[in-house]
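Following: one structure in structure tokens, then a few remarks.
Read-outs: derived from the displayed coordinates by stated rules, not from any lab. Predicted model only: the values in this text are computed from it and were never measured. FYI the Cβ positions are ideal-geometry reconstructions off the backbone, even for glycines, and counts take in every protein chain you see.
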Amino acid sequence: MPDTYPAEAAARDDLVRIGRLLHTRDLVDGSAGNLSARLGPDRILCTPSGLAKGFLEPDDLIIIDLEGRLVAGKPGRKPTSELAMHLEAFKRRPDVGGVVHAHPITAVALSIAGVSLAECVIPEAIVFLGLVPTTPYATPSSDENRRAISEVIVSHDALVLQYHGSLTVGRDALEAYFRLETLEHTAKIIALSKLLGGGPPLPPEQVTKLLATRDSLGLGRPNDAEEFCVACGVCHPLGRHAERRAPAPARRAWDDAAATDEERLVRAIAERVRLELGHLP
Ligand SMILES: [Zn+2]
């Protein structure tokens, strides 16, 4: 658990401010998404069910315990069932002080198209997010969501929920929000680069330097070494991951024999978009 907790008034202001950003930056729709901040060992400040995140006032927020029971709030304000994901993150990660669940458009679109964000292509994402996994689809607001993130949140600060949204955590709610910005920014770049034909990932020696920065900032997670070895070829020749070294990434080859299903799909989408835009005869 953190040694200190944020003052309640400051935490309320932070969540209201983040709610407005979610709305203005198109990271949620309607009353979707939810925000939370840890106020104490068994006290969580969070957004209530059914209110649009861009129009919250500080006293709209409610306080619950780690079991999701309402502790304090205005009449009519009640917890949302999606808070189960947040509570799971707080329980599994004592270092986490804030959680943000949103519906970022590009990240969700890529999850539907089967395009992973767990690629070594964006330096800032490698440092601040690590590899972002996509959790299997689970019905929103059901307990499946909690179970879907329970294990993976231990070793990651940012997740894509397939067909649904994102879950990001941080030492406070603002850090969790900034991770969401980085996640969606990364998704936009990956989507655009794939539409342009794609390109090779960063070479392992460059990723190694970024991982050193990640560690120096205290951002490394327990599974980093193994995951970056498998996904990005950053393996220690004499270490325990040497035998799992990933094959060198294939250069883009647009002949059907070499293309993966993902590449064929992206190519089909790119051709369709170019036709729609009238850039092809
Ligand atoms: Zn949702």
Coil-residue trypsin sites (Lys or Arg not before Pro) of segment 33-102, DSSP, other Cβ within 10 Å capped at 13: R69
Hey, can you grab everything whose amide H is under 5 Å from the amide H of G170? Only 5+ residues off in sequence or another chain; H modelled, so Pro and N-termini drop out. G97, G98, A176
What distance in nm separates the two pseudo spin-label positions at A10 and E57, each 7 Å out from Cα along the beta-carbon direction? 2.5 nm
With N residues in segment 85-217, Rg(alpha-carbon) / (2.2 N^0.38 Å) equals 1.02
Of every Cα-Cα pair in segment 4-158, the percent that sits beyond 29 Å: 15 percent
Suppose R0 equals 35 Å. What FRET efficiency, 1/(1 + (r/R0)^6) with r the Cβ-Cβ distance, do E67 and I189 give to the nearest 0.05? 0.30
Furthest towards positive pole of dipole, A9, I190, L56, structure part segment 8-195, Cβ charges: L56
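What full-extension length gain, to one decimal in nm, is calculated for R147 and K209 as 0.36 nm per residue of separation minus the Cα-Cα distance?
Values: separation 62, 0.36 × 62 = 22.32 nm, distance 3.43 nm.
Difference between extended and current length: 18.9 nm.
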Using packing as a proxy for protection, rank 147-155, 115-123 so that the peptide with the highest average count of other Cβ atoms within 10 Å comes first. 115-123, 147-155
Test item: Cα-centred dipole of segment 66-183, Lys/Arg +1 and Asp/Glu -1 on Cβ, debye: 500 debye
Just to be sure I understand the model, the point goes 7 Å from the Cα along the line to the Cβ. What's the resulting R20 to V154 distance in nm? 4.0 nm
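Sort S31, S111 so that the residue with the fewest other Cβ atoms within 10 Å of its own Cβ comes first and the one with the most comes last.
Numbers: S31 16, S111 22.
Lowest to highest Cβ neighbour count: S31, S111.
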